[in-house]
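Okay, structure first, notes after.
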Amino acid sequence: MAYTPRVWVDRAVATPNLYTKTGETASEVTLVAKPGTITQAGTPINAAAMNQLETGIQAAAANADKANTTILASPNLNTLTATGRYYCTTPTNLPLAGLNFYVDVININGGTSSVYCMQVAYSGADNRIWTRRNLNGTWTAWTQVSNETNTLGNGTNVNDIAVSGRFWANATCTNTPIVSTDFFIDHIQLDVNWARQTAYEFSTNRAWTRTKVIGVWTPWVALHQTFMVPSDTVIMSLPTEKATGVSVTVERFTVKHTGKYRLKGEYKAGGTVGSSTTIAAYVNGDRQAGFVQTTSQTYSAFSFDLEVVVTQGDFVNIQIQAGSTGYIRNVTLCGTEVYDNPFANVAAYLI
């Protein structure tokens, strides 16, 4: 309640210092004021006036207390509704788990009613700020004012992130896509039942995403869709020996799934001793993706990774480039990183 100051007024009379003497004895005399005409009644000093002063002093002291910071251990911020300034250690219902917070509370009634009040929370670890308000007894979600990356405390369960923002989750955090791994996490919060997270592995280009549906998180799904398969997993094989000269395409593979591939096989040079044979791979006919060369007149193994990512629908031409005759056999196209489905075959069209 606001304090209404009293306007104090002096009493004014015509003869303020005039008295009459009555009842005089040897030991005492009675003096009676003879003010004459009273020109201003003045403000009486009585118990009611003094009690009003005490009430005002009490209210002023309470406001002074609110200007100071009160230290609270493990408070529930949902029930912290009295106007004031607080430092909260290990609170619950806070914007971010694992941190201490400074909290300003503004209550429309000035008291502890949870109907219509506001909280501003300041991270004790950095410069981040969050706000929320209570409407008819229901708290809104915390909204971050600053846009810095939030550092989650050790052991934080990323399932419990409840506000939109960017977060750094170290290897101790739980329910990340890979255990004991550092992640950046983008979190989009609609309400307590609906949210979405995208997690980026700190040390690679891999990423995962998941959605919270009616309060339940779906499994993490890899966005990169990279499946590592053994380098000798044969996706297509050409065991038949082929021989040709000059620069001739001897095989074409059409790739059904985007990824990285390895070409393996055996080759030898023909013609005179010292003649060379080159095996080269081209993507879509004109992008050279790698080659190997030999002068051996006996078969030897070759293997090289295509230097480009081959996308779905691309074709890979295998060429023999030789001065006279070159030989190739047991050619295999192997997946090293195949996006989407590493076990699906590619189609091959023999030239």
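Overview of values
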quantity	calculated
Residue within segment 153-171 that is within 18 Å of Leu99 (Cβ to Cβ), surrounded by fewer than 17 Cβ atoms within 10 Å (Cβ to Cβ), of a type in the set (Gly, Ala, Ser) and within 9 Å of the chain's Cα centre (by Cα) present	yes
Wholly enclosed strands (runs of 3 or more DSSP E) of segment 135-224 bearing at least 3 residues of a type outside the set (Phe, Trp, Tyr) and over 27 Å from Ala121 (Cα atoms)	207-213
Where Ser180 falls short, out of the listed (1) of a type outside the set (Asp, Glu); (2) surrounded by fewer than 17 Cβ atoms within 10 Å (Cβ to Cβ); (3) outside the structural domain of Asn78 (by TED's automatic domain parsing); (4) within 21 Å of Asn78 (Cβ to Cβ)	(4)
Count of segment 134-164 residues which are touching a residue at least 60 places away in the same chain (Cβ under 8 Å) and either touching a helix residue (DSSP H, G or I) at 6+ places or on another chain (Cβ under 8 Å) or under 18 Å from Ile106 (Cβ atoms) (or both)	1
Test: residue in segment 320-331 that is over 26 Å from Leu223 (Cβ atoms), among the hydroxyl-bearing types (Ser, Thr, Tyr) and surrounded by fewer than 16 Cβ atoms within 10 Å (Cβ to Cβ)	yes
Scan of segment 218-265 for residues that are within 30 Å of Trp208 (Cβ to Cβ), at pLDDT below 60 and either crowded, with 17+ Cβ neighbours inside 10 Å or not aliphatic (A, V, I, L, M) (or both), ordered by number	Gln225, Thr226, Phe227, Pro230, Ser231, Asp232, Thr233, Ile235
Tally of residues being in a helix (DSSP H, G or I), at pLDDT 90 or above and not β-branched (Val, Ile, Thr) across segment 57-99	2
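The values are calculated or read from the model by the stated rules, or taken from the named source; none is laboratory data. Treat the numbers as computed from the prediction; the structure is a model and nothing was measured. Counting neighbours? That spans all protein chains shown, and the Cβs are built from the backbone with ideal geometry, glycine included.
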